[in-house]
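Contents: one structure, followed by commentary.
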Amino acid sequence: MLKRKIYDKLLDWKKTSSRECALLIDGARRVGKSYIVEEFAKAEYRSYAIIDFTHADKAIKDLFLKYMSNLDTFFAYLSSLTDVTFYRHETLIVFDEVQHFPKAREAIKHLVKDGRYDYIETGSLVSINENVKDILIPSEERDIEMYPMDFEEFLWATGRPTLMDSIRSAFKSGEGMGPLHETAMDSFRQYLVVGGMPQAVVRYVESHDFKAVDRQKRDLLRLYRKGIRKHAKRYALRVERIYDEIPSQLSRHEKHFNFSSLGDSARYREYENAFLWLADAMVANVAWNVSDPNVGFRLNMDDSLMKCYFLDTGLLVSHSFDEGEMVAQNIHNRILTGDIELNKGMLVENVVAQMFAACGRKLYFYSRRSREDGRERMEIDFVLARSKLDVAHNVFPIEVKSGKNASHRSLDKFVEKFRSYVAKPYLLWMKDRKIQDGVEYLPIYMAPCLAEEGL
């Protein structure tokens, strides 16, 4: 069994809230939603029924249309059709891929109120208009998001279950990793290549064959492309163009999404729905520029300037270098031997975005362009805010460096300009921890610690 952190959230829901609400797990396709829910159901319930609405037959769907006013009959028929014995308060009923049958989601209101059993829903694109059209979204539903396996989950799967504990301990104590730094970097480079999609991680654990892992990832990329063409409907062409553009946009020095690459007259407003579709599908992690990096970033969000990161860096590697198996092998070898300054450092910035998103952080950056005043020109890759606003200095500017150049002119300018906001500037790089010139340098694999600790 792949160990996933979301399992603890499922346990907490079962213990504290399962009588009050269903749990809706939202995430991109193939991030492991169905797998972890079934493992949870096996371990924590006397019986369970999984209804996969990608394949559910008409007889099951008709139950939701005919018997919501007669739940005794509904459950009797459902038990028979699924060949599962239902036990009061000891059975979990799972609506898998519920977006394919929204009426089942609407029924949650009545089923939770009835109180006999527990309910978990899983899905992708559960919030887009076509999947909520003509239904009443139940208030008796708690939504949690599931992402690809994060770095710690990757370490668990690959036989280094305590390494992240050592990383956290060093972060909290203000120390470096010392002799463990190279061990951590070795695993981090593997994570860049393999990524966090469960099927790719399992293939790597079973074979340690990066070619086989790459083939698995390319199968997933084809699945996403088919999903776009099938489900994005009138936005499909624009969504696919953005999907294909992400690697080239991230390979630029300034990783803002350049709409002119989509057409001479292309503007964000034309592509807004396509970006929202990718974000809702959780295929992309979108970062927004903040015009005033005070707390409350959303209030100062500049939607004319944004970055679009891929959901998983391992997939990004395969998506970016698709010229063939020999090219892929060369890229893998370069990353694994420490050459990760590929394409202007796009992989390390993408993986930091991925790590922050997996910790529940919304993504923001700060960019300012001025032809007249060099002091006003700066580019800060990420800005985070304290989770508890109990002191005056709440903002943390973060730059990401993939190569030997660890200059931090933009950080210095940012601190000078926003001194009343800034708590501490950070620079994420490939070496061990140090503090110099007022900037704290952290090894790249400590990025999750910044997000988890609330700074």
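The values are calculated or read from the model by the stated rules, or taken from the named source; none is laboratory data. Everything numeric in this text was worked out from a predicted model, so none of it was measured. Every residue, glycine as well, gets a Cβ built from its backbone with ideal geometry; the counts of neighbours run over all protein chains shown.
Among the residues of segment 160-172, which ones are without any contact (Cβ under 8 Å) to a residue 12 or more places away in the chain and assigned to a loop (DSSP other than H, G, I, E, B)?
The answer is P161, T162.
Checked against the criteria, L311 counts as buried (at least 17 other Cβ atoms within 10 Å of the Cβ) and either under 30 Å from R369 (Cα atoms) or touching a strand residue (DSSP E or B) at 6+ places or on another chain (Cβ under 7 Å) (or both). When segment 277-293 is limited to residues that are out of contact with any strand residue (DSSP E or B) (no Cβ under 7 Å at 6 or more places or on another chain) and touching a residue at least 40 places away in the same chain (Cβ under 8 Å), the one that is surrounded by the fewest Cβ atoms within 10 Å (Cβ to Cβ) turns out to be D280. Among the residues of segment 242-262, those that are part of a helix (DSSP H, G or I) and among the small types (G, A, S) comprise S248, S260, S261.
Assess whether L315 counts as being modelled with pLDDT under 95 and in contact with a Leu (Cβ under 9 Å, 6 or more places away or on another chain).
Spelling it out, it is not the case that L315 is modelled with pLDDT under 95 and in contact with a Leu (Cβ under 9 Å, 6 or more places away or on another chain).
Of the numbered criteria (1) at pLDDT 90 or above; (2) surrounded by 22 or more Cβ atoms within 10 Å (Cβ to Cβ), the one K255 fails is (1). Scanning segment 27-74 for residues that are among the aromatic types (F, W, Y), closer than 22 Å to A281 by Cβ and part of a helix (DSSP H, G or I) yields one hit, Y35. Residues that are of a type outside the set (A, V, I, L, M, F, W, C) and in contact with a His (Cβ under 8 Å, 6 or more places away or on another chain) do occur in segment 38-60.
Tell me, which residue of segment 75-105 that is assigned to a helix (DSSP H, G or I) and β-branched (V, I, T) is surrounded by the most Cβ atoms within 10 Å (Cβ to Cβ)?
If we take residues in segment 75-105 being assigned to a helix (DSSP H, G or I) and β-branched (V, I, T), then V98 is surrounded by the most Cβ atoms within 10 Å (Cβ to Cβ).
Please tell me if S367 is over 23 Å from A284 (Cβ atoms), assigned by TED's automatic domain parsing to the domain that holds V286 and either modelled with pLDDT under 90 or in contact with an Asp or Glu (Cβ under 7 Å, 6 or more places away or on another chain) (or both).
For S367, the condition - over 23 Å from A284 (Cβ atoms), assigned by TED's automatic domain parsing to the domain that holds V286 and either modelled with pLDDT under 90 or in contact with an Asp or Glu (Cβ under 7 Å, 6 or more places away or on another chain) (or both) - is not met.
Annotation: of all residues in segment 52-81 being in contact with a Phe, Trp or Tyr (Cβ under 8 Å, 6 or more places away or on another chain) and either polar (S, T, N, Q) or not assigned by TED's automatic domain parsing to the domain that holds A107 (or both), the one that is nearest to H110 (Cα to Cα) is T73. Does I242 qualify as being touching a Phe, Trp or Tyr at 6+ places or on another chain (Cβ under 6 Å) and assigned by TED's automatic domain parsing to the domain that holds Y421? No. In segment 8-30, of all residues being among the aliphatic types (A, V, I, L, M) and touching a Ser or Thr at 6+ places or on another chain (Cβ under 9 Å), the one that is surrounded by the most Cβ atoms within 10 Å (Cβ to Cβ) corresponds to I25. The residue pairs whose first member lies in segment 53-67 and is at negative phi and buried (at least 17 other Cβ atoms within 10 Å of the Cβ), whose second member is among the β-branched types (V, I, T) and in a helix (DSSP H, G or I), and whose beta carbons are closer than 8 Å, counting only pairs six or more residues apart or on different chains, are F53/V98; I60/T82; Y67/T73.
Residues that are loosely packed, with under 13 Cβ neighbours inside 10 Å: which strands (runs of 3 or more DSSP E) entirely in segment 382-455 hold 1 or more of them?
434-436
L23 meets the conditions (1) in a helix (DSSP H, G or I); (2) under 19 Å from R105 (Cβ atoms) in every case but one. The failed one is (1). The residues of segment 106-159 that are at pLDDT 95 or above, under 18 Å from I50 (Cβ atoms) and assigned to a loop (DSSP other than H, G, I, E, B), listed by number, are R116, Y117.
Here's the yes/no breakdown for (1) touching a residue at least 12 places away in the same chain (Cβ under 8 Å); (2) more than 13 Å from C308 (Cβ to Cβ):
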| site | (1), (2) |
| --- | --- |
| A200 | yes, yes |
| Q216 | yes, yes |
| A236 | no, yes |
| V239 | yes, no |
| E245 | yes, no |
| Q249 | yes, no |
| H253 | yes, yes |
| S261 | yes, no |
| R267 | no, yes |
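Is it true that V286 is of a type outside the set (S, T, N, Q), within 26 Å of H231 (Cα to Cα), outside any helix (DSSP H, G or I) and modelled with pLDDT of 80 or more?
yes
In segment 329-363, of all residues being crowded, with 23+ Cβ neighbours inside 10 Å and either modelled with pLDDT under 90 or among the aromatic types (F, W, Y) (or both), the one that is farthest from D214 (Cα to Cα) corresponds to F356.
Here the condition is being over 23 Å from the mean Cα position of the chain (by Cα), of a type outside the set (A, V, I, L, M, F, W, C), part of a loop (DSSP other than H, G, I, E, B) and in the same structural domain as A328 (by TED's automatic domain parsing); of E182, E175, it holds for E175 alone.
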